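Structure first, then comments.
Here, each number is a calculation from the coordinates, and none is a lab measurement. What you are looking at is a predicted structure, and each value in this text was computed from that prediction instead of being measured. All Cβ positions, even for glycine, are placed from backbone atoms using ideal geometry, and neighbour counts span all protein chains on display.
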Amino acid sequence: MEMSSRVSHMQSSPIRRLVPYANAARKAGKKVYPLNIGQPDIKTPKGFFNAIRDVDLEVLAYADSAGDATLIEAIQAYYKTYDMDFDQDEIIITNGGSEALLFAIITLCDPGDNIVVAEPFYTNYNGFASAVNVEVRGITTKAEDGFHFPAREEIEKVLDDKTRAFILNNPGNPTGVVYTAEEIKMIVDIAIDKDIFIVADEVYREFVYDGLDYKSFGNFPEAEDRVVIVDSVSKRYSACGARIGSLASKNKDFMGGVLKLCQGRLCVPTIEMIGATELYRTPVDYFKEVNDEYRKRRDTVFNALKKMDGVICEEPKGAFYVAVKLPVDDAEKFIIWMLSDFDYQGETLMMAPLEGFYASQGLGKNEARIAYILETGELEKAMKVLEEALKAYPGRQVI
């Protein structure tokens, strides 16, 4: 029996699909450094667990489809610290940022429409869009430009009368780019002129390094009717397993459409929303400590990569990823080879191949994403493994 064409044409996740190779490597006795996925090892604030432990309910009932009111109030207070003011009905709680993205695409797009992203991009944008017959179009950005946007005329070439929205990640995954206020204003101006939406995926908002200023797409009043902010507790509070995300927008028609989808899936888990409320009350000192730790990890990985023969990358300025161009014939083949056929002193590592992070065919084949989500001592050892693997790989190429 045949499955739907939607599912048949979806790509499997380049972040997760190589996991069986990693499992086999571990079973064979190798230590595998898991640098393929953004799963931080930073401790989740204890307030989350304490709040759940203290729950005293006689019935674990459905929550409101839009989300728990107390959690929404906590998110409202959080956004005010970034000079964004949302009413209660302008925030909806979702099952992670993933559901927020999917619901945004479904609400904004009909089959045959397209969304525009900066490539390389978070690969699941493609998965969510293709599942509902929406095309993803890429604005190509380059490492030598720090993955910043090209000129406005280059961006506008990608748009047509079927373009419904930009979906942009800031800070960026997988590139670590932090867009300047001027770049964000350029996108805002294009969105207004072309009458399209901006879905701003800002889940890494706290992770900005080297004293750079951060500007949200929600800080432009002239575009408030077309900006949708996707958020999540996953990375910000190292609570990926909680699966609590949110959508925020001042466009009432958009929020009304999303609410219909939320009613169809009933509600977000009640207990996790109780825990997430306490996460949003976490003292701001937590972010400084975590930010300092990720900056050290960034420096450890980037400094090691700079010394590797044939490796090309730029210093990431945000999030906790670095995109690298490797001197190999095929990054996915190289990663599989590392897991299946290579080890250095009983150790190997896993990365995410970047070809699936592009919409444009032929790009990213020899590129990979490294998530610097382990403590610095582990990262130093992982980078040594990578250096030795590149020397030994039979498909090594000259870039």
* Asked: In deg cm²/dmol, rounded to 500, what helix-only [θ] at 222 nm does the chain give when every DSSP H run of at least 4 residues adds -39500 (n - 2.57) and the total is split over its residues?
  -> -11000 deg cm²/dmol
* Structure fact -> The Cα radius of gyration of segment 40-112, divided by 2.2 N^0.38 Å with N its residue count, comes to 1.40
* Structure fact -> Sorted on mean Cβ neighbours within 10 Å (highest first), peptides 284-292, 368-376 come out as 368-376, 284-292
* **Stokes-Einstein D for segment 251-399, Kirkwood Rh over Cα pairs, 20 °C, 1.002 mPa s (µm²/s)** => 117
* **Column: log10 I(q)/I(0), Debye, Cα scatterers of segment 71-198, q = 0.19 Å⁻¹** => -1.22
* **Built amide H within the under 5 Å cut-off of Leu354, gap 5+** => Glu367, Ala368, Arg369
* Starting from the amide H of Phe197, placed 1.01 Å from N in the peptide plane, find each other amide H under 5 Å away whose residue is 5 or more places distant or on another chain. => Ala165, Phe166
* To do: Sort the following peptides by mean Cβ neighbour count (other Cβ atoms within 10 Å, averaged over residues), highest first: 320-329, 202-211.
  => 320-329, 202-211
* Asked: Computed FRET efficiency, Cβ-Cβ of Glu222 and Lys306, R0 56 Å: what is it to the nearest 0.05?
  -> 0.85
* Output ³J(HN,Hα) for segment 29-34: one whole-Hz value per residue in order, computed from phi by the Karplus curve 6.51 cos²θ - 1.76 cosθ + 1.60 with θ = phi - 60°, and x for Gly and Pro. => x, 7, 8, 10, 7, x
* Using the reciprocal of the averaged 1/r over all distinct C-alpha pairs, how large is the Kirkwood radius of the chain in Å? -> 21.9
* Structure fact -> Given a Förster distance of 35 Å, the FRET efficiency implied by the Cβ-Cβ spacing of Asp299 and Lys365, rounded to the nearest 0.05, works out to 0.80
* Asked: Any idea which of Leu279, Asn303, Tyr344 is furthest toward the positive side of the dipole for segment 266-399, if Lys and Arg beta-carbons carry +1 and Asp and Glu beta-carbons -1?
  -> Asn303
* Mind putting a number on the dipole of the chain about its Cα centre? Charges go on the C-beta only, +1 for Lys and Arg and -1 for Asp and Glu, and I need it in Debye to the nearest 20. => 1400
* Structure fact -> If every Lys and Arg gets +1 and every Asp and Glu gets -1 at its Cβ, then about the Cα centre segment 28-164 yields a dipole, in debye to the nearest 20, of 920
* Take the Cα coordinates of segment 46-280, assign each an equal point scatterer, and use the Debye formula without solvent to give log10 I(q)/I(0) at q = 0.10, 0.14 Å⁻¹. => -0.45, -0.88
* Structure fact -> The Kirkwood hydrodynamic radius of segment 216-322, taken as the inverse of the mean 1/r over all distinct Cα pairs, in Å, comes to 17.2
* To do: Select from Leu247, Ser130, Pro327 the residue farthest towards the positive end of the dipole of the chain; place +1 on Cβ of Lys and Arg, -1 on Cβ of Asp and Glu, and compute about the Cα centre.
  => Pro327
* Each residue of segment 202-207 in order: what ³J(HN,Hα) in whole Hz does its phi give by Karplus 6.51 cos²θ - 1.76 cosθ + 1.60, θ = phi - 60°, with x for Gly and Pro? -> 10, 6, 9, 3, 7, 9
* Asked: Lys/Arg Cβ at +1, Asp/Glu Cβ at -1, dipole of segment 1-155 taken about the Cα centre: which of Leu35, Ile52, Ser13 is farthest positive-ward?
  -> Leu35
* To do: Determine the relative contact order of segment 46-280: mean sequence separation of Cα pairs under 8 Å and six or more apart, normalised by residue count, in whole percent.
  => 31
